[in-house]
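Derivation of every value follows stated rules applied to the coordinates shown; laboratory data play no part. Computed from a predicted model, the values in this text were never measured in an experiment. When we count neighbours, we look across all protein chains shown, and the Cβ atoms used for this are built from the backbone with ideal geometry, even at glycine.
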Amino acid sequence: MINAWKNNLLSLPDSIFFDIMRNYLGDLKTPFNKHDLIRSLTSMIMKKEIRTRLFELVDEDDSRLLTAVSLLKYPTISELFCFTRKIYSFLELYNRVENLQQRLLLCIEYPEKSGRKDEKVIRLNPLFEEELKSKYLGSSLIFPSIEVKEGRPAQPWYNEQLLSGFISFLSANRNMLKNNGNARKKAENKFSEVFASVEKNVPENIQLPDLLIHSLRILKFAEASSSAVNIHTDAILNFGSSEYKSRMLKIASTVVTFLLKEEDADRTPSIDSIYMLLSNLLLSFYCGTVISREDLTSVLYLIKRNLLAGYPEIGLVTGDSVIEALCLTGYLSETETLLTFNFDPDYVQAAGEKLRIQSNSEISAPAGFAIAEEITAAICSEIRNYDITRTYSIEKRSFAAALEAGFDLEEIISGLEKNSTGSIPQNILFSFGAWEKEYRSIGLNYGVVMTVSPDRLPLIKHAPQLKEFFLASPAPGVFILDPEKENEWRRAFADAGFDILPEIKTGDDAVTTPILGPKSAGEFSKNTVETGLIDFFSGYSIQNPSKLLDELTDKINRLPMTPEKRNKLNARSQKKLILSDSQLKASDRPEEKGEAGGLDHRAKIRLTERALELENLLEVTTVVDLELEKRLVKPLKLTKAENALEGKPPVYTVEGIELPDEKEIHIPITRISYLKMLKSSLYTP
Amino acid sequence: MTAPENKPLIVQSDSSLMLDVHDSSFESARNEIAAFSELEKSPEHIHTYRITPLSLWNAASAGIPAEEVKDRLERWSRFAIPDNVLFSIRQTINRFGQLVLRETTNSDLLFLEADNPNIILELESRKSLKKLLIREGDGFLIRLVDRGSVKVELIKAGWPVKDLAPLKEGTSLDFKLRKKTLGGRDFTIRDYQTEAAGAFFGGGQLGFGFGTIVMPCGSGKTIVGMKAMDLCRTNTLIITTNIAAVHQWMRELIDKTELKPEEIGEYTGARKEIKPVTIATYQILTWRPDKESDFPHFKIFSAGGWGLIIYDEVHLLPAPVFRVTAEIQAVRRLGLTATLLREDGREADVFSLVGPKRFDVPWKELETKGWIAEADCFEIRVDLPESLLISYATADKRQKFRIASENPRKLDIVNQLVQNHREDHIIVIGQYLKQLHSLAKMLKAPIITGKTPNAEREVIYQDFREGKVRVIVVSKVANFAIDLPDASVAIQVSGTFGSRQEEAQRLGRILRPKERNSWFYSVVSNFTTEEVFSANRQKFLTEQGYKYNIEIWDDLEDISPDKKLPIEKSEVYQS
């Protein structure tokens, strides 16, 4: 740690290095040996009473800024400003950071490990980092509005139960989509009936079916092709093997990508990056935490900032879009400007409850039931009502859809038995067997070649409504049908009493020409959650060093010295730069004037020229509408122009860029009421 | 975070209530929520209730405020009550009492008092009420004959009426229930029957005396009717489904009350008697010489000084009778039924005109308490013979159903079932006369169809009751209101397509309590349209908690006639 600090000191520009040394060690004698000076300084600040004084002088503002630096993990001054802009102006922040650097609490460096070469970053002094973190940093200083609400908020409504229900709906309405990807009117109406309890949560500009289809696609649960939807049950079962919080976070991630897609289809961050973002966000706060929107935006900034190294595209995600997605889906709820966290990662699902299968062919799925446990029921029956408890109805058609999806009878029965209370009623088991036999009694193969079992053959062969569709019958029980007329002959079969015909097997089960494709967001590569991108500090307790500073001022005022020197000493004391009585001596070294103001235009011109020479920054104060306006300016040029008034001196103008926005400015020297030169150690153009 | 609390009730956002039967506090919860919700279905694991405006208004009229409803729900609910449900409860209940119907000094007019001028404005703007309401002061005058119609229209508009206009007392009747029946047996009214009648009568208070009682077949709705008569003690008109039912009522009244035969009149096609207690059929009421004429027998409604009208099997209330019912709103009226289902969807009208549901009880609850017989339900599947496959394949839908229903193999099945139940009294029920005649011939059993004269029917029923015949074959005339106390097996060979009501009524033929279990068989042709209709028919009963076991009987030679149950039990059809 000492070496790290030493190296940092050695990397500082001379002007800053020697300023620091002079402040703590007094006037320096030539020849200057930086290593000796560093040794002397180190020896000084390692003394117990000096360290004690150092920490005693840390007040709330200091702690706030130190906490921000620590949370952001090597921020640049610009990033620190983004995070604290609600609290400090850029100039104020700059001055404070400089002060903390001079007080040896912060270091400015070029950390190669962050992969950010040529950028000056700010960090806690490694010598004091541990102690600062344990006692002087407090996240509540950055996010003051965090509190935890009493009671149990509702869990997010956009969850795996909703996906289960929707899969059931899709399975029963496989042709719900038109070729253009929009839902058919009948299916839309039916959807609204079944999902009335949640559809009201969605704003008018979003179609819930679209969102759900998107989620299923991202999770690889389903794909749309032409006007049919294919369900991938193996992906669903695989999803079910991960833990609850991971599943919920993945589901939430799909919503974020949906909204981002809506904004800009060409620029969608990877799903993994969103997943990481949400993991760190939603798992860093207790369920019931209430936080202001502003603070949550800051937290998101923090997380994004810390994800950038691994996921550079995370910068495409705005805080607003994340908050919108989470509010939409119930992970957050918003009242006025406050947001409540509704997600409990440790939620105990269903508390031992299981499916209830009843003789009236209804299946009830309890609240909080995992998708992997519900999926068999969802696919082999049709959702009737989506609510806290989902109600499914076992129908021949939905059972056939399950067979079509690749389940066989044993799998369906075991999937239901495993996940339900009690046994499956006999009438339902019987029906399953009968339906399975019926389904398998007819085969449809590419061509279309239909094969019929002997026991069904008479009914099919003699059905008058079917005869016109048989192009040929090359063998007993084998018929050739026209693939172009598939809709017609399916209707005719239904009319003749054959309402569950299988799909035509093509030999190639891959779904081609997907019609609804988001820009690929990639795949989830993680099955567990990873957090730790933000730290929370709670060691802070309120400190007020004003008494100490008053004592020091008293001491200084009693020292024999000129008023000018006393003022300078007091100024340093107020900046908390005095840690030891050994510093209480006025310097005899002539100091370069770093300020000018009022009508001393000449001094202002000289200061500007000096700043240009040293590449320092200027704090420029002007009067606008009778109010003082301060700016931090990087001067680029001092121009001189003839004065239009005869006999008057030339007009000097400071030209430069105002920080942090780098806006061009031109200020005549005469308009500057006060000018101060700052060190430019923090700013990188 | 801990799991949701283990309570039996889940309140859903569509105002349905799911009640877990297996929870230890199920009964307590049920008793509390039944006061403000309707039982929709009660299968074996989860009962579904629904909070409707009507159920809430009923609760309000029974003195239950919105806060109490909320408290009861919260007491038993596993999760937080959805906000929209609480809002709806408050808003709906608060509507009750804002419109009050009161008497006036003019016996032909009533006064509808509205306590909010905005309501008056709203009602005035409704087209459907324009002809019915006469603006007066802070309300409206209503003609007495429009009482029912106004209430129906107001319910549709979302405004319940607190009906405090007194009901006509009718001519007083000296009516007493016996303690011992005429046949010498002890006669006590069961607690649920007393409760049902009490819920209807409401202690004689204003706002009661009109309503519907829904109870399972075989649970003694006739007794409830008699108890209601006991409470009202007034001339009573009873309207029922057919002459056999009329005679059943008459028998019951004589057997269980102190009414003399000369005090009971029959008003049917055969006789036109008006007595202090008169029993009529719906058919006679809706008879008219031609479509243009009036219904001449409607005058019965004003003929007997009735203080109580009982509509037996009220779900069958014919549409023409609605009109009259609307006009006789000043009379106490009681509807009795086992099923709420109507083909024309006018259940709400029945409840509006006759009265709201005052009492219902799950079928299985009565079975558990022994008040109705325990019944095992079976569906026996039998293949169509090969010889019929082609004609079935080439038939249209209607014909397909008929061919499947009249499957000749069913005869053997029925024969086998009758052999299996040698000690039981059996009814064989069907739709198609040819099939029924074949069965009757095979079984050497008497047959009752629509053409069987009433006198002959009575003789057959009597023989059946007395045990002189063990098996009878009946067409759908026997669906309703037959008193067959000793029938313990019903074999249904065909039915009216997918009629759930018919299935329930037929099961009801064997639900009267007895010492042995009852058996209900439905014989269905395999892989035919009959399967689909059968599944639909069974829906109502499975929703009442009955389970059906489905079996295939494909080889009768393997079935031993000595066994009560069939040997061949294909519980899961093997492919």
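Run through every distinct alpha carbon pair of the range B:369-574 and return the Kirkwood hydrodynamic radius in angstroms, one decimal place. Please list the in-between numbers first.
Details: mean 1/r = 0.0581 Å⁻¹.
About 17.2 Å for the range B:369-574.
Report the normalised scattering of chain B as log10 I(q)/I(0) at q = 0.12 Å⁻¹, calculated by the Debye formula with identical scatterers on the alpha carbons.
Ignoring solvent entirely, the Cα scatterers give -1.26.
Given the range A:393-493 reduced to its alpha-carbon atoms as identical point scatterers, what log10 I(q)/I(0) does the Debye formula return at q = 0.10, 0.23 Å⁻¹?
Here log10 of I(q) over I(0) equals -0.36, -1.23.
Take the alpha-carbon centre of the range B:416-457, take the same for the range A:423-470, and report the distance between them in whole Å.
Using only Cα atoms, the two centres lie 36 Å from each other.
Determine how many Å³ per residue the convex hull of the Cα atoms of the range A:301-434 encloses.
It is 169 Å³ per residue.
Reachable lysines from A:Lys86, Cα under 19 Å, same-chain residues fewer than 8 places away excluded?
A:Lys304, A:Lys630
Shape call for the range A:1-74 from the C-alpha gyration tensor, a ≥ b ≥ c root eigenvalues: rounded (a/c under 1.5), prolate (a/b greater than b/c) or oblate?
Details: a/c = 2.05, a/b = 1.53, b/c = 1.34.
It is prolate, given that a/c is not under 1.5 and a/b is the larger ratio.
Which distance in Å, rounded to a whole number, links the C-alpha centroids of the range B:80-123 and the range A:606-673?
Going from one Cα centre to the other spans 77 Å.
If you take every residue apart from A:Trp5 with its C-beta less than 15 Å away from the C-beta of A:Trp5, what net charge results, scoring Lys and Arg +1 and Asp and Glu -1?
With Lys, Arg at +1 and Asp, Glu at -1, the net is +2.
Just to confirm a number: summing +1 for Lys and Arg and -1 for Asp and Glu over residues other than B:Gly198 whose beta-carbon lies under 12 angstrom from that of B:Gly198, what do you get?
-1
Would you work out the Kirkwood radius for the range B:148-256? I mean one over the mean of 1/r across all pairs of different Cα atoms, in Å.
15.8 Å
Taking N as the number of residues in the range B:9-95, what value does Rg over Cα atoms divided by 2.2 N^0.38 Å take? Please report the intermediate quantities before stating the final value.
Details: Rg = 11.8 Å, N = 87, 2.2 N^0.38 = 12.0 Å.
In units of the globular-protein estimate, the range B:9-95 measures up at 0.99.
What is the order of B:Lys539, A:Lys593, fewest Cβ neighbours within 10 Å to most?
A:Lys593, B:Lys539
Across the range B:191-361, how many lysine pairs separated by 8 or more positions, or lying on different chains, have Cα atoms within less than 30 Å?
26
Within 12 Å, Cβ to Cβ, of B:Leu56, how many net charges do the neighbouring residues add up to if Lys/Arg are +1 and Asp/Glu are -1?
+2
Quick query: amide H of B:Leu141 versus all other amide H atoms, modeled in the peptide plane; which residues come in under 5 Å with a sequence gap of 5 or more or a different chain?
B:Leu112, B:Ile134, B:Arg135, B:Glu136
Just from the alpha-carbon atoms, what are the Rg and Dmax of the range B:103-163 in angstroms?
Here Rg and the maximum Cα pair distance are 10.6, 29 Å.
Across bins of 20 angstrom width beginning at 0, how are the C-alpha pair distances of the protein assembly as shown distributed, in whole percent?
9, 27, 27, 17, 12, 7, 1, 0
Take peptide A:355-366, look around each residue's Cβ out to 10 angstrom, count Cβ atoms belonging to other protein chains, and average those counts.
Mean partner shielding for this stretch: 6.
Placing +1 on the Cβ of each Lys and Arg and -1 on the Cβ of each Asp and Glu in the range B:103-163, which of B:Phe140, B:Ser128, B:Thr105 has its Cα farthest towards the positive end of the resulting dipole?
So the residue furthest toward the plus end is B:Ser128.
For the range B:25-36, just list the computed ³J(HN,Hα) in residue order, Karplus coefficients 6.51, -1.76 and 1.60, θ = phi - 60°, integers in Hz, with x standing in for Gly and Pro.
Working through the residues one at a time gives 9, 3, 5, 4, 4, 4, 4, 7, 7, 4, 5, 10 Hz.
Could you tell me which of B:Ile413, B:Gln505, B:Ser488 has its Cα farthest along the dipole of the range B:369-574 towards the positive end, charges placed at Cβ (Lys, Arg +1; Asp, Glu -1), taken about the Cα centre?
Positive-most Cα among the choices belongs to B:Gln505.
Which three extents, in whole angstrom, do the alpha-carbon atoms of chain A cover along their principal axes, largest first?
Projected onto its principal axes, the Cα set of chain A covers 121, 62, 45 Å.
Return the Rg/Rh ratio of the range B:191-361 with Cα-based radii and a Kirkwood Rh.
The Rg/Rh ratio comes out at 0.93.
Can you put B:Met226, A:Met248, B:Met442 in order, fewest other beta carbons within 10 Å first?
B:Met442, A:Met248, B:Met226
Going by how many other beta carbons lie within 10 Å of each one, how would you line up B:His247, A:His232, A:His35, fewest first?
Lowest to highest Cβ neighbour count: A:His35, A:His232, B:His247.
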